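Student: Got a structure here, written out as structure tokens. Questions coming.
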Amino acid sequence: MSLTTVHTVADLRATVAAWRAEGLRVALVPTMGALHDGHISLTKLAREHADRVIVSIFVNPTQFGPTEDFSAYPRTLPDDQKLLDAAGVALCFAPSVDEMYPEGFATKVSVDGAMTNVLCGAARPGHFDGVAQIVTKLLLQSLPDCAIFGQKDYQQLMVIRRFCDDLNIPVDIIGAKILREKDGLAMSSRNRYLSVTERTIAPSLNRVLAEITAKAATGAELGPLLAKGRQDILAAGFDPIDYLEVRDALTLELVGQTVTKPARIFVAAHLGKARLIDNHAITPANIAG
Ligand code: AMP
């Protein structure tokens, strides 16, 4: 079976309806394109949960701030289609902005509270409203059995779980682990912005997180660990750091002095034109294994 690409909601729905008539299970993997192996790992996980996989490719304007990289964001549909075809994906849904936001469009989806006004929510006002709006639309357009999202965007995954629960959207939300380059850099479409020199600096972000994670898991105090981590990230060449924080893995509330429950360390920092994000799970040694 080779890849089919559709550009309209009507064609997406017609394809899904035909699969449903055959009794097939359907998975959706939402992306903004410029695909890499991280995205492909999501399609493989999707394939384990469904008979047919849809990958949506849409650079969603409503989740970008006015000074962010919406126009510059890489758009590589022909290359993306080749990768999806090779990965056994059945359908690529690549709508235009007008298809998703036709004239007269007026509806917002907004998730309140601690989960959206910290980390990337604080650094990128309105970002998660845009994410909630587009993911709600994609889920309702395709009505899949499940949808796969990467832990690379851990806060996004938690926000999506929240509004799917709140709005009773009957789709199983599945989280996928972060895929990294051999040197530890988390794969990202935005890594394309890095110069050759910046690309050699970029893996230090993961190294700093790994160091803090190992020490925090054995009960070390977070204050000094985070202070040293910030110094190391700046010394490597990142500037500025949007955040370097340890938060509860479920509620995203700030963790106090030491980690006693499953937590997560989150970082966002700028390197040249790129804003890179990463995170690691911190499992306290007393509850590990
Ligand atoms: P994006 O195209 O950046 O919006 O990402 C689309 C999906 O792929 C999101 O669910 C991301 O969390 C996920 N993703 C991006 N990079 C990675 C990675 N390195 N490992 C796993 N998932 C990823």
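Student: Which of (1) of a type outside the set (F, W, Y); (2) in contact (Cβ under 8 Å) with a residue 24 or more places away in the chain; (3) more than 16 Å from the ligand (Cβ to nearest atom); (4) closer than 23 Å to V171 by Cα is the odd one out, the single condition V53 does not satisfy?
Tutor: The failed condition is (3).
Student: Can you go through I212, I241, I265, I169 and tell me which one is touching a Ser or Thr at 6+ places or on another chain (Cβ under 9 Å) and more than 30 Å from A50 (Cβ to Cβ)?
Tutor: Result of the check over I212, I241, I265, I169: I265.
Student: Right, another one. Identify, from the list G237, G229, the residue that is at pLDDT 95 or above, on the phi > 0 side of the Ramachandran plot and outside the structural domain of R124 (by TED's automatic domain parsing).
Tutor: G237
Student: Could I ask something else about it? Identify the residue in the range 179-199 that is among the hydroxyl-bearing types (S, T, Y) and touching a residue at least 60 places away in the same chain (Cβ under 8 Å) and, among all such residues, is farthest from the ligand (Cβ to nearest atom).
Tutor: S195
Student: Picking from R161, R199, which residue would you name as being out of contact with any Lys or Arg (no Cβ under 9 Å at 6 or more places or on another chain) and assigned by TED's automatic domain parsing to the domain that holds M115?
Tutor: R161
Student: Could I ask something else about it? Take the residues in the range 20-45 that are small (G, A, S) and in contact with a strand residue (DSSP E or B) (Cβ under 8 Å, 6 or more places away or on another chain); name whichever of them is farthest from the ligand (Cβ to nearest atom).
Tutor: Per the stated criteria, the residue is A27.
Student: Run M158 past the list (1) more than 10 Å from the ligand (Cβ to nearest atom); (2) without any contact (Cβ under 8 Å) to a residue 60 or more places away in the chain and report the number of the one that doesn't hold.
Tutor: (2)
Student: Based on what the data block shows, is T76 in the same structural domain as G121 (by TED's automatic domain parsing), hydroxyl-bearing (S, T, Y) and either within 15 Å of the ligand (Cβ to nearest atom) or under 16 Å from the mean Cα position of the chain (by Cα) (or both)?
Tutor: When the stated conditions are applied, T76 passes them.
Student: Need the failing condition index for A202 against (1) more than 16 Å from the ligand (Cβ to nearest atom); (2) surrounded by 17 or more Cβ atoms within 10 Å (Cβ to Cβ); (3) over 20 Å from V255 (Cβ atoms), just the number.
Tutor: (1)
Student: Of the residues in the range 112-129, how many are surrounded by fewer than 19 Cβ atoms within 10 Å (Cβ to Cβ) and not acidic (D, E)?
Tutor: Adding up the residues that qualify gives 9.
Student: May I ask you to verify whether L234 is among the aliphatic types (A, V, I, L, M), closer than 16 Å to A269 by Cα and part of a helix (DSSP H, G or I)?
Tutor: yes
Student: Condition first: closer than 25 Å to F93 by Cβ, acidic (D, E) and touching a Ser or Thr at 6+ places or on another chain (Cβ under 8 Å). Can you find one or more residues in the range 116-131 that meet it?
Tutor: yes
Student: Anything in the range 251-273 that is assigned to a strand (DSSP E or B) and buried (at least 20 other Cβ atoms within 10 Å of the Cβ)? List them, or say none.
Tutor: A263, R264, I265, F266, V267, A268, A269, L271
The values are calculated or read from the model by the stated rules, or taken from the named source; none is laboratory data. Note that the structure is a prediction, hence the values are computed from the model and not measured. In this analysis, Cβ positions are derived from the backbone assuming ideal geometry, glycine residues included, and neighbour counts consider all displayed protein chains.
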